[in-house]
Amino acid sequence: MTAGTLTVMGLGPGASTMRTPEVEAALATATDLVGYGPYLDRVAPRAGLYRHASDNRVELDRARHALRLAAAGAHVAVVSGGDAGVFAMASAVFEAVEHGDPSWRALDIRVLPGISAMFAVAARIGAPLGHDFCAISLSDNLKPWGVIQQRLAAAAQAGFVIALYNPLSRARPWQLGAALDLLRQHLPGSVPVVFATAVTRPEERIVLQPLAQADAALADMRTLVMVGSAATRVLERPGGLPAWVYSPRGMAGS
Ligand code: SAH
């Protein structure tokens with residue numbers, strides 16, 4: 001039996017041009033494709049590539065399935081959207097290894113980076129992540145809401161630009177509104193908030209609002225919400241051109 005491999009890879013935010021050549025090469029040699037259905041749909045079918053679709057909520061089961069296939073000699077590609085290490089499958093794979101069959105630790109496991117949604121969004125609107133920033137998932141499926149509240153308040157007080165992933169879903173309709181209310185207690189109302197939906201895909205939509213008026217109804221589960229810091233600037237442009245949003249490289253007084 002030949003030794004199997006398991007490669008965890010990020011497919012980027014949507015457009016195929018945002019997938020790295022390294023990821024393309026790994027997909028071209030894989031025998032088995034494992035991931036959440038909509039991500040698998042982004043990979044063109046080909047002879048010799050077997051697809052294992054699964055639900056989004058069963059990451060650990062999916063990781064164990066991928067590890068068993070690799071242990072049996074397959075060349076497994078585990079795919080995530082964006083970057084596989086940001087709120088995605090790479091951690092699930094290592095968690096499964098830590099608690100699973102000890103022989104899995106000897107497997108050839110590689111993680112290939114991808115363009116995370118926050119980078120695609122930032123590039124679309126200017127340079128909001130040019131100074132200190134953080135990313136917070138608003139999903140309380142995997143952590144208590146109280147922890148999310150603490151982290152939001154601490155991040156706002158620390159002056160970070162905040163990239164909010166998983167802002168809401170049908171099962172979590174109120175979290176983004178509550179998060180914006182909390183942030184309004186700690187940040188000036190003029191701070192820019194960007195609602196960026198389905199970036200790099202045909203249905204892309206980007207809306208900029210000041211925090212005071214930021215409306216959670218602009219988001220769905222394909223949206224990344226980027227909340228500026230007090231230092232983040234909005235550059236208005238003439239003729240209806242979309243404004244640029246950027247965070248200066250230095251702080252006043254530095
Ligand atoms: N690993 C992914 C994130 C997975 S969590 C990454 O690095 O981007 C899923 C969340 O990512 C979504 O709820 C949304 O907040 C964000 N997201 C993913 N693709 C996006 C896109 N094309 N445009 C805007 N947000 C996106």
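The values are calculated or read from the model by the stated rules, or taken from the named source; none is laboratory data. Remember, predicted model here, so these are calculated numbers, not experimental data. Here Cβ is always computed from backbone atoms with ideal geometry, including for glycine, and neighbour counts include all displayed protein chains.
Whether any residue in segment 148-156 is hydrophobic (A, V, I, L, M, F, W, C) and either farther than 22 Å from residue 213 by Cβ or part of a loop (DSSP other than H, G, I, E, B) (or both) is what I want to check. For segment 148-156, residues hydrophobic (A, V, I, L, M, F, W, C) and either farther than 22 Å from residue 213 by Cβ or part of a loop (DSSP other than H, G, I, E, B) (or both): present. If you go through segment 81-117 and pick out every residue that is crowded, with 21+ Cβ neighbours inside 10 Å and either among the small types (Gly, Ala, Ser) or within 7 Å of the ligand (Cβ to nearest atom) (or both), you end up with 12. Residue check: residue 51 meets all listed conditions (1) part of a strand (DSSP E or B); (2) in contact with a Leu (Cβ under 6 Å, 6 or more places away or on another chain); (3) buried (at least 17 other Cβ atoms within 10 Å of the Cβ) but one, namely (3).
Kindly indicate whether residue 140 is under 19 Å from the mean Cα position of the chain (by Cα), among the acidic types (Asp, Glu) and outside any strand (DSSP E or B). The answer is yes for residue 140.
The strands (runs of 3 or more DSSP E) falling completely within segment 161-254 that include 2 or more residues that are within 12 Å of the ligand (Cβ to nearest atom) and not assigned by TED's automatic domain parsing to the domain that holds residue 13 map to 161-165, 192-197, 205-210, 223-227.
Looking across segment 118-135, just one residue is surrounded by fewer than 18 Cβ atoms within 10 Å (Cβ to Cβ), touching a residue at least 24 places away in the same chain (Cβ under 8 Å) and within 13 Å of the ligand (Cβ to nearest atom), and that is 124. Answer with yes or no whether residue 207 is out of contact with any His (no Cβ under 8 Å at 6 or more places or on another chain) and over 27 Å from residue 91 (Cα atoms). So residue 207 passes the test. Inspect all residues belonging to segment 60-75 and state whether any of them is part of a loop (DSSP other than H, G, I, E, B), hydrophobic (A, V, I, L, M, F, W, C), at pLDDT 95 or above and out of contact with any His (no Cβ under 7 Å at 6 or more places or on another chain). Yes, segment 60-75 contains at least one residue that is part of a loop (DSSP other than H, G, I, E, B), hydrophobic (A, V, I, L, M, F, W, C), at pLDDT 95 or above and out of contact with any His (no Cβ under 7 Å at 6 or more places or on another chain). Across segment 18-41, the number of residues qualifying as free of Cβ contacts under 8 Å to residues at least 60 places away in the same chain and more than 16 Å from the chain's Cα centre (by Cα) comes to 14. Apart from one condition, residue 212 fits all of (1) surrounded by 14 or more Cβ atoms within 10 Å (Cβ to Cβ); (2) in contact (Cβ under 8 Å) with a residue 24 or more places away in the chain; the exception is (1).
Being in contact with a Leu (Cβ under 9 Å, 6 or more places away or on another chain) and among the β-branched types (Val, Ile, Thr) is the requirement here; does residue 147 meet it? No; evaluated as a whole, the condition is false for this residue.
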